[in-house]
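Data first, discussion second: the structure below is written as structure tokens.
Nothing in this text is a laboratory measurement; each read-out follows from the coordinates by a stated rule. Quick caveat: nothing in here was measured; it's all calculated off a predicted structure. Every residue, glycine among them, receives a Cβ derived from its backbone with ideal geometry; neighbour counts consider all protein chains shown.
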Amino acid sequence: MQPREALAALLVLAALSAPAAAQSLKDLSTLGGSALPGQSSTGASLLSGLASGSTSLASPQNAAGALAYCQQQGYAPDAATTVKDRLLAKVGGQEKASRDSGYLSGLGGVLQAGDGGSFDLGKLKDVVGKKVCGAIADRAVSSFLGG
């Protein structure tokens, strides 16, 4: 590992373990690029886009699956659960969504962006996970539910 990569990894670990008051989605996204462990630069870009509200999500099915993943991890606030349920209703219900590859990917913790990028939610820690899952719910409402 190069010194710059090692420093970036240490910064990410510090950000992931920082107290809630000092951490925001933008704080983590500014680390950028391949600094997020196990994430591509497109994954970091997706996180940054969630923070700024500029990211388009790939599909309502994937967003619903990602929010279900967030629920399983204990990251989803009550509002995110409501958004997930509304998204599932919009796409024909849980049974129909469970046959969609985007939904299954989301259930596995992979959030997909409209530009083809993705982000592995499994790499997140508690505080950041809750922030990211809340941002996914907000973005899904504005993108797919007209709110």
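How high is the FRET efficiency from Ser98 to Ser52, r the C-beta distance, R0 25 Å, rounded to 0.05?
Working from the Cβ atoms, E equals 0.20.
Just subtract the alpha-carbon distance of Asp85 and Asp126 from 0.36 nm times their residue separation and send over the number in nm, one decimal.
Details: separation 41, 0.36 × 41 = 14.76 nm, distance 2.26 nm.
Difference between extended and current length: 12.5 nm.
Which of the chymotrypsin sites (Phe, Trp or Tyr not before Pro) found in the stretch 60-147 are loop residues per DSSP with 12 or fewer other Cβ atoms within 10 Å of their Cβ?
none
What does the stretch 47-147 give for Rg and for Dmax, in Å, if only its C-alpha atoms count?
11.7, 33
Mind running the shape call on the stretch 53-103? Use the C-alpha gyration tensor, a ≥ b ≥ c as the square roots of the eigenvalues: rounded below 1.5 for a/c, prolate if a/b tops b/c, oblate otherwise. Don't skip to the answer; put the middle values down first.
Details: a/c = 1.58, a/b = 1.19, b/c = 1.33.
In terms of gyration-tensor shape, oblate.
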